[in-house]
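The structure appears right after this line, and notes come after that.
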Amino acid sequence: IKNVAAADQVVDTVTVTEELINMKELENIGGVETNIINFLRHFDNEAIVADVLVKGSSFRFEKEINELGGKVIYMPNYLPNVKAYRQKLKRVFDREKYDAVWCNYSGLTNIEVLKIAKESNVPIRVAHSHVTGLSWGSNLAKAIVVPLHNLNKRRIGKYATDYWCCTEDAGKFMFPKKFWKDLVVVKDAIDLDKYVFDINNRNEIRRKYGLGEELVVGHVGRFTLAKNQKYLLDIFKQVLNDEPNAKLLFVADGELENDIKTYAKEIDVYDNVIFTGRVDDVSKYYSAMDVFLLPSFFEGLGMVLIEAQASGTPCITSTNI
């Protein structure tokens with residue numbers, strides 16, 4: 001893409017976010033999606049025009065993508081609509097004649113985009129790994145996710161032309177060993193200025209949730225198995241032994257939110273936990289925190305950890321990040 005752009009030609013590319021199989025419709029914004037939009041904002045849109053392919057019927061950044069010259073194309077869920085999914089992909093690729101497809105993966109449960117892109121003669125087909133492990137919301141999902149991922153890991157070499165990863169570990173997890181020599185580490189990017197500590201943001205967020213000077217433990221992340229949030233609650237319960245007025249700020253939503261709320265009640269910390277739900281101005285929340293916790297079972301890189309560090313917030317994490 002750099003070579004083509006340097007030749008003053010416009011590159012049409014499509015970037016794809018492929019979440020793990022979900023059992024229900026969810027807001028389609030997470031670390032991977034945020035990372036994608038961070039890159040698109042800094043592309044030279046005189047050289048690269050990017051469409052974005054997503055599941056669902058809405059995408060928070062659609063207006064911004066349109067302003068950058070691209071468009072959002074909505075796809076049905078892969079399961080149980082495999083035939084409809086493939087047919088729409090084929091129509092899109094045949095119509096748009098993309099120069100490149102950039103597939104961002106949190107697991108290889110679905111590599112249809114790469115397969116159809118090859119069938120439609122898209123010359124550059126990038127598989128980009130963002131995780132070092134798999135996550136699922138139920139035993140049923142696990143029974144689907146793990147076998148599909150392992151099957152497609154063996155097959156991905158038939159369809160991808162390039163292998164990208166946020167870290168080398170993420171690449172080695174996602175792709176077979178024979179491709180490790182071809183890994184390209186593409187570091188996740190944030191706008192540092194956006195996350196610098198701001199006393200006004202601290203006061204604004206604390207006022208919003210009725211907080212004063214009490215200790216605020218923070219966490220940003222989707223409610224998923226990988227984030228290990230029940231253990232985070234166990235940690236916070238111990239914090240309350242020394243700081244009984246402390247608050248835990250959960251800046252998150254996701255499929256396991258009700259499970260986390262139930263567990264908070266079970267261990268008697270619910271009254272000290274603030275569930276913000278999805279927010280559009282996450283950067284402000286780091287300034288309101290006194291310490292940031294991320295006890296994940298695994299992370300490809302952990303964009304929220306980079307953001308928290310950029311704000312100067314002390315961070316305590318698991319060794320799996």
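See the values below:
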{"quantity": "Output for the stretch 41-60, where each listed residue is buried (at least 18 other Cβ atoms within 10 Å of the Cβ) and more than 18 Å from Val126 (Cα to Cα)", "calculated": "Lys55, Phe59"}
{"quantity": "Top-ranked residue in the stretch 199-208 [being open to solvent by 30 Å² or more (accessible area, probe 1.4 Å) and charged (D, E, K, R); ranked as farthest from His128 (Cα to Cα)]", "calculated": "Arg207"}
{"quantity": "Residue match in the stretch 181-192 (condition: within 25 Å of the chain's Cα centre (by Cα) and basic (Lys, Arg))", "calculated": "yes"}
{"quantity": "Some residue of the stretch 128-150 being touching a Lys or Arg at 6+ places or on another chain (Cβ under 7 Å) and in a strand (DSSP E or B)", "calculated": "no"}
{"quantity": "In the stretch 171-198, the residues that are surrounded by fewer than 16 Cβ atoms within 10 Å (Cβ to Cβ), touching an Asp or Glu at 6+ places or on another chain (Cβ under 8 Å) and assigned to a helix (DSSP H, G or I)", "calculated": "Asp182"}
{"quantity": "Flag for Val82 being open to solvent by less than 20 Å² (accessible area, probe 1.4 Å), modelled with pLDDT under 95 and out of contact with any strand residue (DSSP E or B) (no Cβ under 7 Å at 6 or more places or on another chain)", "calculated": "no"}
{"quantity": "Candidate set from the stretch 159-170 (those that are within 15 Å of Trp102 (Cβ to Cβ) and open to solvent by less than 30 Å² (accessible area, probe 1.4 Å)); member that is farthest from the chain's Cα centre (by Cα)", "calculated": "Ala160"}
{"quantity": "Evaluation of Ala160 against (1) more than 25 Å from Asp281 (Cβ to Cβ); (2) in a helix (DSSP H, G or I) (one fails), failing number", "calculated": "(2)"}
{"quantity": "Candidate set: the stretch 214-250, residues that are among the aromatic types (Phe, Trp, Tyr) and part of a helix (DSSP H, G or I); chosen: the one surrounded by the fewest Cβ atoms within 10 Å (Cβ to Cβ)", "calculated": "Tyr231"}
{"quantity": "Answer residue from the stretch 124-158, given it is touching a Pro at 6+ places or on another chain (Cβ under 9 Å) and farther than 17 Å from Gly300 by Cβ and is surrounded by the fewest Cβ atoms within 10 Å (Cβ to Cβ) among those", "calculated": "Arg154"}
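The values are calculated or read from the model by the stated rules, or taken from the named source; none is laboratory data. Here the structure is a predicted model, which means the values were calculated and not measured. Don't worry about glycine lacking a Cβ; one is built from the backbone with ideal geometry, like all the others, and counts go over all protein chains shown. Just the protein is used for accessible areas: all its heavy atoms, side chains included, with ligands, DNA and RNA removed. Shrake-Rupley method; radii C 1.70, N 1.55, O 1.52, S 1.80 Å.
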